[in-house]
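Step one of this worksheet: look at the structure below.
The values are calculated or read from the model by the stated rules, or taken from the named source; none is laboratory data. Quantities reported herein were computed from a predicted structural model and do not represent experimental measurements. Positions of Cβ are backbone-derived with ideal geometry, glycine not excepted, and every protein chain shown enters the neighbour counts. Heavy atoms of the whole protein, side chains included, go into the accessibility calculation; ligands, DNA and RNA do not. Shrake-Rupley method; radii C 1.70, N 1.55, O 1.52, S 1.80 Å.
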Amino acid sequence: MVKLHPLSQINHSQKTAFLGVFLSVLPFLFPNLLQPLARASPSMFSEWIAPKPRHVTLLQGALQHETSLQVQANVWAPLAFQGWQPCTVHPKSPSLPEKSKGYIQVFLDGGLNQQKMGICDAVAVAKILNATLVVPHFEVNPVWQDTSSFADIFDVDHFIDVLRDEVSIVKELPSEHSWSTREYYATGIRDTRIKTAPVQATAEWYIENVLPILQSYGVAAIAPFSHRLTFNGLPLDIQRLRCKVNFDALKFVPHVQELGSIIIQRLRYNATVDQAEANDYLLEETHKLGKRQSGKFVVLHLRFDKDMAAHSACDFGGGKAEKLALAKYRKVLWQGRVLNSQFTDEELRSQGRCPLTPEEIGLLLAALGFNNRTRLYLASHKVYGGKARLETLSKLFPFMEDKKSLASEEKLAKVKGKASLLAAVDYYVSMHSDIFISASPGNMHNALVAHRAYTNMKTIRPSMGLLGQLFQNKSMSWSEFQLAVLDGHKNRQGQIRLRKEKQSIYTYPAPDCMCRV
């Protein structure tokens, strides 16, 4: 008689449980085995386990409490006019120089909003030097591997046309300078490349260091270029030129605007992609005739990605597995340059240094007056923890949408896999929303805070320190929480904040680019 191996006697459920345990500990027993996988998705094992709500009492209160009509009316009310508007007249008449001093090239990295800031600075530098700007070159994004060019994201002809009276811009170098390419500068030290531009360089620095190269060679390439122009001490016409580029000259390509418009229309008319695909003709006719009042919607930039979670060194309730996964990710991505914080989680939260989780931003929205009938659009990249992290937020806001729920695969095809184009769609939708709110500060948050302030639109800025303290108070009732939130956010809904020294003009456009009426 053949003796059976003990494992063969284990039933199916036991095998499944054994396999699950084995897979969960595999990355810790054999870290090198899964190194490539860990680099691509180091927290995938912890993401299999849905994190439990951390603020159960507040969540129950939010789900059961009926917010007053007055609070709802207040949160949706448009921002009152504040006595500021964009300055349309430049301090002195714009004019092109009689003769260009040469051609300026810049090579830009980063995501969409870093690229936008770099473009604005490049135009300003060209103006300072009386030079001709070559349409900026975008480096391949090292994180997302996005190969999108300037022309893939922005309308080049519109860009050139809006600025034609102030700065000369060309799409490419003339034939006599065609040798000045990105590949040329990547293979050796070149006299025409400036690598030493300091962060926040002054106008005088460019005149002293770049102008002589232009005069000698007719072309100068500046790389790296991000954040290479100061925010202080520049003539007012240069500051306003930067805002003109940012808010007027940089228009997204038609297919991004078209996709954004489809999403906006479906948000306004409460249509999902399946409903809308079948009824597009009806929606279009309704839109033309204006017989149906459009609904309101709020855009939430849910900035809770893996980088944010790992870099913050905060505890997000995922237990030991999550902490190990984030520590591993920190080590892989930053090679030890980012260490565990010297502060405790409680101290970090009290200081407002922990990103808000989807659960926490949902409780904030509910306290502000948004309810389970609110149309909520998620503008964000992949959320750390996947759908499991979004469960609480979706309970509070069942009418939560994103690009995939509002646009078909066919409509999304042109932007699929392109981080900057996907961000451009979200930016466009955000600029047409009734209210914009970002879960945590960052480039997208800053760019939209500025743009919406420039056009006097409502933008809610979470008070991170206040919320960090409130969420640590486990005995707080929903009514107490809501009162504290409402009181703490009365003056954080789009009110103009004047730029202080060293602050970015791309976050605070007043008073440089806005005038009192």
> Out of all the residues in the range 139-158, is one or more within 22 Å of residue 451 (Cβ to Cβ), in contact with a Lys or Arg (Cβ under 6 Å, 6 or more places away or on another chain) and small (Gly, Ala, Ser)?
Replying inline: yes
> If you go through the range 421-435 one residue at a time, do you hit one that is crowded, with 22+ Cβ neighbours inside 10 Å, more than 29 Å from residue 61 (Cβ to Cβ) and of a type in the set (Val, Ile, Thr)?
Replying inline: yes
> What is the number of the single condition among (1) surrounded by fewer than 17 Cβ atoms within 10 Å (Cβ to Cβ); (2) among the charged types (D, E, K, R); (3) at pLDDT 95 or above that residue 416 does not meet?
Replying inline: (3)
>> crowded, with 20+ Cβ neighbours inside 10 Å, under 23 Å from residue 427 (Cβ atoms) and in contact with a His (Cβ under 9 Å, 6 or more places away or on another chain): is that true of residue 106 in this structure?
In response: yes
>> What's the total number of residues in the range 203-239 that are among the small types (Gly, Ala, Ser), open to solvent by 50 Å² or more (accessible area, probe 1.4 Å) and not in a helix (DSSP H, G or I)?
In response: 1
> Based on what the data block shows, is residue 501 under 30 Å from residue 345 (Cβ atoms), open to solvent by 10 Å² or more (accessible area, probe 1.4 Å) and not hydroxyl-bearing (Ser, Thr, Tyr)?
Replying inline: no
> residue 179 versus (1) over 20 Å from residue 426 (Cβ atoms); (2) touching a Gly at 6+ places or on another chain (Cβ under 6 Å): which is the lone unmet condition?
Replying inline: (2)
> Out of all the residues in the range 373-398, which are part of a loop (DSSP other than H, G, I, E, B) and either touching a Pro at 6+ places or on another chain (Cβ under 8 Å) or surrounded by fewer than 17 Cβ atoms within 10 Å (Cβ to Cβ) (or both)?
Replying inline: 373, 382, 383, 385, 398
>> Among the residues that make up the range 129-143, is at least one of them hydrophobic (A, V, I, L, M, F, W, C) and more than 26 Å from residue 424 (Cβ to Cβ)?
In response: yes
> Can you pull out the residues in the range 458-498 that are in a loop (DSSP other than H, G, I, E, B) and open to solvent by less than 50 Å² (accessible area, probe 1.4 Å)?
Replying inline: 458, 461, 462, 463, 476, 477, 489, 493, 494, 496
> Out of all the residues in the range 467-517, which are among the charged types (D, E, K, R), over 30 Å from residue 242 (Cβ atoms) and touching a residue at least 12 places away in the same chain (Cβ under 8 Å)?
Replying inline: 474
> Looking only at the range 148-169, which residues are among the aliphatic types (A, V, I, L, M), within 28 Å of the chain's Cα centre (by Cα) and crowded, with 19+ Cβ neighbours inside 10 Å?
Replying inline: 153, 163, 169
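Each row is one residue, and each column tells you yes or no for (1) without any contact (Cβ under 8 Å) to a residue 40 or more places away in the chain; (2) of a type in the set (Val, Ile, Thr); (3) in contact with an Asp or Glu (Cβ under 8 Å, 6 or more places away or on another chain).
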| residue | (1), (2), (3) |
| --- | --- |
| 103 | no, no, no |
| 116 | no, no, no |
| 165 | no, no, no |
| 187 | yes, yes, no |
| 193 | yes, no, no |
> Pairs under 7 Å by beta carbon, first residue over 18 Å from residue 232 (Cβ atoms) and at pLDDT 95 or above in the range 122-133, partner of a type in the set (Phe, Trp, Tyr) and open to solvent by 10 Å² or more (accessible area, probe 1.4 Å), six or more apart or different chains?
Replying inline: 131/103; 132/103
